[in-house]
Amino acid sequence: MAQRPGLEILVAYCSLQGAERGLDPEFGVEVEWDIPLLDGYPWVLVQNKSPWPGLGRFWGLVNPGLWKLVRTREFDAVLTYTGYAYASFWVLAAAAKFSRTPLIASADAYNLGGANPKWWKSLLKRLCLPLVYRLYDLVLAPSEATSRFVESLGVARKRIVLSPGGFDSEWWAHEANQADKLEVRRRWGIPEKSSVFLFCAKLLSRKRPQDVLRAFAKIDTSDCYLVFAGDGLMRSQLEAEAEALGVSKRVVFCGFVNQTQLPGLFRAAELLVLSSEWDGCPLVVCEAMSCGCPVVLSDAIPGRFELVRHGVTGYVYPCGNIEALASTLRQALADPAELRKVSASAVKQMEGWSLPIYVEGLLRAIDQGRHLRGHSAKAVPV
């Protein structure tokens, strides 16, 4: 966005949690990303005055400075990634409404359940979300699944802008091409000619890593390995289950893997398996496919159905069905030539997903928002 001619941006952070070194409660370890997250664009940190600061709770983000920022800077549009479940969102929304600034939301949900489905939460969302979404002038949706969900909440289709991308596919493809596949496998202790399945995500119950382990244990060959890249609360449980299933010598737990090391992991694996029961629009699918690693995707992740087409650019199986997952893995291994074709198709699929495409979608949304508000000047988002 910062490099786009004619577009000025200012990013307002409510917290730098995640951008600075700190404990990730879901990984269960301290994390410091090895890529520059705060370079190359203008940003400000709006003071968080919450007495209980942190992510994951409504009062964890209380940033009253957003009001002054929006009200005094005369932005042409406000793009929010901060969800309605934080107090700061309501400060931002009020400031946008009072200043008659178009409010645009970026969303990736595709059902009412979300990451922690409970019947009463779904009922509450069914009642409240239509009211919340009325606050937005437009919604940026990364997938058709999200577009349909937002429309089901009463948002007119003309107020939904489909904007895939937001992902630097060229960087991932370049880094994968530079990676040494054999060196990565040597670090894992895996023979050069063995087959490798990769699970790359936090080890949490909603990601269902146990499904991948159990399906792997059903494959009748000693010449394939399973690698878990990621950490989390389920790690010790998975290690114990791998031992009980008799496959622990062919299961590798890497722990947390930093960004610059991920392309090598994807290049060293035959398949990435993403078995989640809910996962929005996970970027790991884009990352793996850009690196030439096809994805076996749970059908509970419709946000990536545009990318993963069964038997063409990847594979899809019924979430929670261990037998179906094991069968899919066997079939992929049984035909190496076909798997190479799927790999090449995955790379080609990702060539159309790029940061410029996302920015163009954002510009369309801003211009449309300004039209709805009766403005005519060029958009400048925050």
key: Filter result (at pLDDT 80 or above, closer than 25 Å to V46 by Cβ and not charged (D, E, K, R)) within region 356-382   = Y358, V359, L362, L363, A365, I366, G369
request  = Sort out which residues of region 122-149 are out of contact with any Lys or Arg (no Cβ under 9 Å at 6 or more places or on another chain) and touching a residue at least 60 places away in the same chain (Cβ under 8 Å), and write them in order of number.
outcome  = L140, P142, E144, T146
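Please pick out the residue among V312, V308 that is in contact with a Gly (Cβ under 7 Å, 6 or more places away or on another chain), free of Cβ contacts under 8 Å to residues at least 60 places away in the same chain and of a type outside the set (S, T, Y).
V308
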key: Answer residue from region 183-218, given it is in contact (Cβ under 8 Å) with a residue 60 or more places away in the chain, among the aliphatic types (A, V, I, L, M) and part of a helix (DSSP H, G or I) and is nearest to L307 (Cα to Cα) among those   = V212
ask   = Residues S99, S163: which one is over 30 Å from I35 (Cβ atoms), modelled with pLDDT under 95, in contact with a helix residue (DSSP H, G or I) (Cβ under 6 Å, 6 or more places away or on another chain) and hydroxyl-bearing (S, T, Y)?
value = S99
request  = Scan region 43-61 for residues that are surrounded by 17 or more Cβ atoms within 10 Å (Cβ to Cβ) and assigned to a loop (DSSP other than H, G, I, E, B) and report the count.
outcome  = 4
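Looking at region 117-124, is at least one residue aliphatic (A, V, I, L, M), in contact with a helix residue (DSSP H, G or I) (Cβ under 6 Å, 6 or more places away or on another chain), modelled with pLDDT under 95 and surrounded by fewer than 21 Cβ atoms within 10 Å (Cβ to Cβ)?
From region 117-124, those aliphatic (A, V, I, L, M) are 123-124; that's our starting set.
Imposing the further condition that a residue be in contact with a helix residue (DSSP H, G or I) (Cβ under 6 Å, 6 or more places away or on another chain) reduces the set to none.
Scanning region 117-124 turns up no residue that is aliphatic (A, V, I, L, M), in contact with a helix residue (DSSP H, G or I) (Cβ under 6 Å, 6 or more places away or on another chain), modelled with pLDDT under 95 and surrounded by fewer than 21 Cβ atoms within 10 Å (Cβ to Cβ).
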query = Here is a list of conditions, (1) among the small types (G, A, S); (2) within 30 Å of D220 (Cβ to Cβ); (3) not in a helix (DSSP H, G or I), and A337 meets all of them except one; can you say which number that is?
reply = (3)
query = Given region 62-163, what helices (runs of 4 or more DSSP H) lie entirely inside it while holding 3 or more residues that are of a type in the set (D, E) and under 22 Å from L16 (Cβ atoms)?
reply = none
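Working only within region 199-242, note down all residues that are of a type in the set (D, E, K, R) and either within 17 Å of the chain's Cα centre (by Cα) or over 18 Å from A300 (Cβ atoms) (or both).
Passing the criteria: K202, R206, K207, R208, K218, D220, D223, D231, R235, E239, E241.
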inquiry  = If C319 meets every condition in (1) under 19 Å from the mean Cα position of the chain (by Cα); (2) part of a helix (DSSP H, G or I) apart from one, which number is that one?
reply    = (2)
task = Take region 346-355 and flag every residue that is at pLDDT 90 or above and buried (at least 17 other Cβ atoms within 10 Å of the Cβ).
result = A346, V347, Q349, M350
Options I190, I219, I160; residue that is within 30 Å of T101 (Cβ to Cβ) and among the β-branched types (V, I, T) = I160
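The values are calculated or read from the model by the stated rules, or taken from the named source; none is laboratory data. What you see is a predicted model; the values in this text were computed from it and never measured. Positions of Cβ are backbone-derived with ideal geometry, glycine not excepted, and every protein chain shown enters the neighbour counts.
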